[in-house]
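K.L.:
I'd like to ask some things about the structure below.
Please treat every number below as a calculation from the coordinates, not as lab data. What you are looking at is a predicted structure, and each value in this text was computed from that prediction instead of being measured. We place every Cβ from the backbone using ideal geometry, glycine too, and count neighbours over all the protein chains shown.
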Amino acid sequence: MILKLLAKKHVREILKLLNEHEYLNFGQILREININQSNLSKLLNELVDAGLLEKWEEKEGYKLPKAYYKITDEGKNALIIYEIEENLKNLKKKQVSMIHNIIYGKPAIAEQ
């Protein structure tokens with residue numbers, strides 16, 4: 001289930017954004033992520049349910065409560081999965097380049 005959630009569009013952006021800040025409220029996240037409000041709300045709730053984010057509300061002084069979000073240790077661990085994915089992509093590119101070098105005896109065009 002967690003991998004399915006991590007594969008969803010905008011999840012990586014949300015986790016990275018919250019990893020860069022101590023916490024953000026819903027409106028701040030909405031301004032940073034190019035997504036509509038209802039989809040963001042749904043994604044944030046899924047991330048909270050999965051234990052990747054913490055959520056709390058500030059009710060005083062507002063007609064509507066302000067929701068705040070913070071990345072959890074589990075959320076930080078999930079970011080490692082994205083790093084592994086990037087490393088695997090880079091490794092694949094290097095392997096293709098090495099095979100190209102072996103076959104043709106010269107670097108691939110992308111390396112030159």
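K.L.:
So, in the stretch 33-58, of the ones that are of a type in the set (D, E, K, R), surrounded by 12 or more Cβ atoms within 10 Å (Cβ to Cβ) and touching a strand residue (DSSP E or B) at 6+ places or on another chain (Cβ under 8 Å), which residue ends up farthest from GLY75 (Cα to Cα)?
P.N.:
GLU57
K.L.:
Is it the case that the stretch 46-56 has a residue that's among the aliphatic types (A, V, I, L, M) and assigned to a helix (DSSP H, G or I)?
P.N.:
Yes, the stretch 46-56 contains at least one residue that is among the aliphatic types (A, V, I, L, M) and assigned to a helix (DSSP H, G or I).
K.L.:
Ok, one more. Please go through the stretch 5-31 and pick out each residue that is more than 13 Å from the chain's Cα centre (by Cα) and not in a loop (DSSP other than H, G, I, E, B).
P.N.:
LEU24, ASN25, PHE26, GLY27, GLN28, LEU30, ARG31
K.L.:
Kindly evaluate LEU43 against the criterion of being in a helix (DSSP H, G or I) and touching a His at 6+ places or on another chain (Cβ under 8 Å).
P.N.:
yes
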